Structures are given as C-alpha cells and as structure tokens.
C-alpha cells in the first residue's frame with residue numbers, strides 16, 4: 001500500500017513538479033494542482049486533511065478509466081469500498 005512518502009516521491013519525479021505548503025501534500029505543475037491530500041468534509045467540524053488518501057486530477061474520462069483499471073485505486077465516490 002502506498003503512503004504519503006510514496007506519493008511525494010512519485011509526484012516530485014515528474015518534470016517541473018513542485019510541492020506547495022499545505023496541511024497534507026499538494027503538488028503542482030505550472031501552478032496547476034495534479035495530486036493533493038483528500039480534504040474530508042465532516043458535518044459541523046473543520047475539514048480533516050487525509051494524507052492516507054490522494055486526490056489525483058485527470059484530464060478526461062479516458063484517463064480516468066486508464067487509472068481506475070489499476071488495482072488498489074479508490075475514487076472519491078468509492079471511499080469505503082473497493083474500486084471496480
């Protein structure tokens with residue numbers, strides 16, 4: 001299972017990627033975010049920054065399907081159940 005250090009290592013291996021200061025992790029290229037810690041919304045409470053969940057921006061449905069096909073990935077709408 002990948003952890004925040006793995007995400008950091010992989011993100012920073014990409015050309016022009018930088019990490020900006022945040023409560024979790026937040027990586028960008030040309031000031032555009034591509035992976036960040038999941039900000040869990042909790043009713044009546046501040047958001048909880050979850051470094052055990054990475055949010056990955058994808059450009060379109062084809063990219064999403066390609067990434068989703070890798071085992072172990074969970075999408076925001078699928079937290080708590082295995083991706084299919």
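Give the calculated FRET efficiency between residue 45 and residue 66 to the nearest 0.05, with a Förster radius of 41 Å applied to their Cβ-Cβ distance. Kindly include the intermediate steps, with their values, before the conclusion.
Working: r = 35 Å, r/R0 = 0.86.
Given R0 = 41 Å and the Cβ-Cβ separation, E is 0.70.
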Check your understanding: What shape does region 4-78 have by the C-alpha gyration tensor, where a ≥ b ≥ c are the square roots of the eigenvalues, rounded means a/c under 1.5, and otherwise prolate means a/b greater than b/c and oblate the rest?
Key -> oblate
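Each reported figure results from applying straightforward, stated rules to the coordinates on display, with no laboratory input. Just so it is clear, the model here is predicted, and its values are computed rather than measured. Positions of Cβ are backbone-derived with ideal geometry, glycine not excepted, and every protein chain shown enters the neighbour counts.
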